[in-house]
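Notes for the one structure printed next.
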Amino acid sequence: MLTWETCVEAQALRTKGWSITAIANHLGHDRKTIRAYLNGERRPGERTPARAETLTEFVDYCRQRLADDPHLWLTTLFDEIVELGYGGSYQALSAAVRRHELRPRCQACAAAKTRDRSVIEHPGGEETQWDWLELPDPPEHWGVGDNAHLLLGVLPHSSRWRGWLAECEDQPHLIEGLHQVATRLGGLTGRWRFDRMATVCHPGSGRITASFGPVAMYYQVGISICPSRHAWRKGAVEKSAHTIAQRWWRTLGDDVTVAAAQASLDRLCGKLDGRKRVRDGVRTTVGELADAEPLRAIPAPFPAVIEVERTVCNQALIGFRGNTYSVPPGHAGQVVVVRHKLGSTTMDVSTGRATLLAHHVRRPDGAGAVVRSDEHVAALTKVVLANFSDREPCRRKTRRPPSDAALAKAERIRHSRTGGADGEHVVLDFADYAGQARPLRGDASGHAGDEAGQQ
């Protein structure tokens, strides 16, 4: 097979009057090949099969199988037609499928992979788009695991966006994030748009859950659920996620606290409000467009209850949102539950069995305050002083035989088990008793007994 470059060179040499043999020797090809290309019998870039195609009688079967299942593997199809009598190779089958265009285009996959996007008009104050953004490799001292969780809210009319760092993505944290982000955006729009997150709707049907319905009614907003596998229906929030990941999260330091990270995110979002826009030929900014949107006032937070787990340290303290709070002593190393109702200024600490341990007034998040109640301080001081000692801890590898008092007690135990009493010697031999007893008459040698026998 000749390439287009070789064929063009052969044609130029032929125009100069070169013979077929000279051209073949110059280009390093066979004379019959050069002649076929110059005479138009073959086309550059197209290889002529060396033998007849063996798939001819199987073409209809292959076309039908691939029409039924466009994602059918060719190896599976190859196994099927081999059982039907196909004698060609897998490579020949693959080439024939491409040549005859037997595999149809899957419309569902093509629609999901297309990069074409339509422009959707968003009137001011119409909707807010929401989405969770999972940020990998957060600072270890945040204690959130492998990913940090950021709730993003965007006004698509003006492209203003705000975010809220949450400890997890359960429904109470979602409700808190919705309130915090809506406050930062400046108010409430008419509708909220979500993808099919399980804390808002049933992913299969898209119907709002019974637990989130009261939240929507409380804030008086409509709920719009994106169609399945159409994330770009809320393209404004998708774009904001990409920008925040690259311009903020990528450069965040390891020693930054959650409160400091939230403050830096708020500063970045405020800075991005200065992005330039042109509407109806008038130059403006994102911030000016957002300020002009007709947003409603935000009510008090929905009274959802935040529940998180914490481990008690050996100083009877737990950490919660940048502050530490005390618990009674005796729970070091245990996992307790911290409960906080949105809108309230207090928090409760209880055991896993809902036994209340402490009740505190919350300090502002990230204040670094240490909150200790008087009774917890007194109880901890009492426990510490009761266990206080200036003696050196005992060594484990030392020799300490039983003392004399212990040996005496052991001896009394042995005597009591054999029936004796302390300090006495019991005579059990009858011969000793007979030798020590006094005779009835006569001397001790036994004469009195003889006289008594003679009488």
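The values are calculated or read from the model by the stated rules, or taken from the named source; none is laboratory data. All figures in this text were calculated on a predicted structure; none of them were measured in a lab. For neighbour counting, all protein chains shown are included, and Cβ atoms are generated from backbone atoms with ideal geometry for every residue, glycine included.
Observations
- Residues in region 51-91 that are in contact with a His (Cβ under 9 Å, 6 or more places away or on another chain) and farther than 28 Å from ALA108 by Cα: LEU55 alone.
- Selected residue [buried (at least 20 other Cβ atoms within 10 Å of the Cβ), under 30 Å from ALA304 (Cα atoms) and not hydrophobic (A, V, I, L, M, F, W, C)] from GLY153, GLY186, GLY190, GLY124: GLY153
- Some residue of region 241-255 being over 26 Å from ASP365 (Cα atoms), of a type outside the set (S, T, N, Q) and at pLDDT below 90: yes
- The residue that is farthest from GLY322 (Cα to Cα), counting only those in region 167-225 that are among the β-branched types (Val, Ile, Thr) and in contact with a helix residue (DSSP H, G or I) (Cβ under 6 Å, 6 or more places away or on another chain), is ILE223.
- Region 32-88, residues that are at pLDDT 85 or above and aliphatic (A, V, I, L, M): ILE34, ALA36, LEU38, VAL59, LEU66, ALA67, LEU72, LEU74, LEU77, ILE81, VAL82, LEU84
- Restricting region 311-351 to residues that are part of a strand (DSSP E or B) and either exposed (fewer than 14 other Cβ atoms within 10 Å of the Cβ) or among the acidic types (Asp, Glu) (or both), the residue that is farthest from the chain's Cα centre (by Cα) is THR346.
- Residues of region 220-229 satisfying the condition of being hydroxyl-bearing (Ser, Thr, Tyr) and either surrounded by fewer than 11 Cβ atoms within 10 Å (Cβ to Cβ) or at pLDDT 95 or above (or both): none
- Failed item, numbered, when CYS269 is tested on (1) surrounded by 11 or more Cβ atoms within 10 Å (Cβ to Cβ); (2) out of contact with any helix residue (DSSP H, G or I) (no Cβ under 9 Å at 6 or more places or on another chain); (3) not aliphatic (A, V, I, L, M): (2)
- Residues of region 162-212 satisfying the condition of being touching a residue at least 40 places away in the same chain (Cβ under 8 Å), in contact with a Cys (Cβ under 8 Å, 6 or more places away or on another chain) and part of a loop (DSSP other than H, G, I, E, B): ASP195, PHE212
- Test: residue in region 287-309 that is closer than 16 Å to VAL349 by Cα and either free of Cβ contacts under 8 Å to residues at least 60 places away in the same chain or polar (S, T, N, Q) (or both): yes
- Selected residue (only one of VAL377, VAL370 is surrounded by 11 or more Cβ atoms within 10 Å (Cβ to Cβ) and either among the hydroxyl-bearing types (Ser, Thr, Tyr) or farther than 24 Å from GLU309 by Cβ (or both)): VAL377
- Annotation note: of VAL215, VAL154, the sole residue that is assigned by TED's automatic domain parsing to the domain that holds ARG267 and not in a strand (DSSP E or B) is VAL215.
- LEU407 fulfils the conditions (1) at pLDDT below 85; (2) surrounded by 10 or more Cβ atoms within 10 Å (Cβ to Cβ) except for a single criterion, (1).
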